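The values are calculated or read from the model by the stated rules, or taken from the named source; none is laboratory data. Quick caveat, the model's predicted, so the values are computed rather than measured. So basically every Cβ, Gly included, is an ideal-geometry build from the backbone, and we count neighbours across all protein chains shown. Calculation scope for accessible area: heavy atoms of the full protein, side chains included, ligands and nucleic acids excluded. Shrake-Rupley method; radii C 1.70, N 1.55, O 1.52, S 1.80 Å.
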Amino acid sequence: MTTRSPAARDLASLAALLADETRAAFCLALLDGRAWTAGELARHARVAPSTASSHLGRLVGGGLLAEERQGRHRYVRLADARAARLVEDLVAHTVADAGPPPPPRTLREAGARSAMARGRTCYDHLAGRLGIAITDAMTARGLLRQDAGFAPSEEGLRWFGELGLELAVRGRRPLARGCLDWTERRPHLAGAAGAALCRHVLDAGWCVRVGTERAVRVTGEGEQALADLLGIGAEALR
């Protein structure tokens, strides 16, 4: 009789958590980096509140989601950056294997898909054409190195400091890493540096969230700031 390893059991348990379309839909929605109520997720996935509660219990128990309570409201979010990376990597893997997506069925779906491809948050960093444009511009200006993995250069660390963003060089989270963009099929900047830049872009009003998904839109002020800081033309952001 062969004894199965604990690692095999744990991997199967983790895979089972995402092997349900409703639970997968919850995790994809939570890639926007925000906390959602159980009711919001139920409406998003078009399931009954009782069904949503059962699925959320499994995701929290399995360590993919974290739960917060404020009064009578129950909020959930992705447990941490590792959980978000797992979900995003799986999405990139499935998209790469699936080939081109089917045509959108409605104008609304076409608009939402276009907005997500143009710019979105990937948990706590920027993705889509916006994320790629910023990553490419930082690399071209010597602020980011990609020759042996992702890493800010010394000049890049000074650049972040000039923006008022002090990065913890010795932290538990990688300072910078590449995250495969599932619409652009190329890596964009993630890690602590990517998260700090995303927060700054949103807090400064250079980008605003649009719709109920993860899409973001660059504002006129943002276009000017990104042109001044990184030489990114407005046409790359639209």
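Worth a mention:
- Once C-alpha pairs closer than 8 Å and six or more residues apart are averaged by separation and normalised to the residue number of the chain, the relative contact order reads 17 percent.
- Given their separation in residues at 0.36 nm each and the Cα-Cα distance between them, LEU86 and LEU163 gain 24.7 nm when the chain is fully extended.
- Dividing the radius of gyration of the alpha carbons in the range 23-163 by their Kirkwood radius gives 1.04 for Rg/Rh.
- In order along the range 31-45, the Karplus-derived 3J(HN,Hα) couplings, from 6.51 cos²θ - 1.76 cosθ + 1.60 at θ = phi - 60°, round to 5, 6, x, 9, 8, 10, 7, 4, x, 5, 5, 4, 5, 4, 8 Hz, and Gly and Pro are given as x.
- Heavy-atom surface of the chain, accessible at 1.4 Å and reported per residue (Å²): 56 Å²
- Only the Cβ atoms of Lys and Arg (+1) and of Asp and Glu (-1) were treated as charged; on that basis the dipole of the range 21-60 about its Cα centre amounts to roughly 60 debye.
- Across the accessible surface of the range 189-238, with the other protein chains kept in place and a 1.4 Å probe, carbon and sulfur atoms take up 50 percent.
- Once C-alpha pairs closer than 8 Å and six or more residues apart are averaged by separation and normalised to the residue number of the range 106-227, the relative contact order reads 27 percent.
- Rg to Rh quotient for the range 100-189, alpha carbon positions, Kirkwood Rh: 1.07
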